[in-house]
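**Student:** Pasting in a structure now, in structure tokens, and then I'll have a few things to ask.
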Amino acid sequence: MNFSNNMLEGPIPQGTQIQSQNSSSFVHNPGLCGAPLKRSCGEGKEEERKQDEEKEEKDQVSSWIAAAIAYAPGVFCGFVIGHILSSYRHDWFLRIFRSFA
């Protein structure tokens, strides 16, 4: 059997007929690992995990920055609108709050 050029990924199953194939049967499948190939399946996992953790940390920081950027103008606009309503529409503003009391 020839499994080359199929873009297969992951470990080659152990204890099957596939194990008896030459490594040339798996050419151009960069994602494959394990016997009979020279590339073992544990290589690169540690680096990928570290990169994923770093990316997750950066994403969390950028989420907090986005929240802070959105929070500050929201508070400012709220105070401005509250000031406008209480200053220029004082009677209307008080009437609304008295209806809740």
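The values are calculated or read from the model by the stated rules, or taken from the named source; none is laboratory data. Because the structure is a prediction, the values reported are computed rather than measured. Cβ atoms come from the backbone with ideal geometry, glycine included; neighbour counts cover every protein chain shown.
**Student:** Which residue out of Glu54, Glu47 is within 24 Å of the chain's Cα centre (by Cα), assigned to a helix (DSSP H, G or I) and closer than 29 Å to Phe3 by Cβ?
**Tutor:** The match here is Glu47.
**Student:** A follow-up question, please. Starting from residues that are over 32 Å from the mean Cα position of the chain (by Cα), part of a loop (DSSP other than H, G, I, E, B) and loosely packed, with under 11 Cβ neighbours inside 10 Å, keep the ones in the range 1-33 and report whichever is modelled with the lowest pLDDT.
**Tutor:** Thr16
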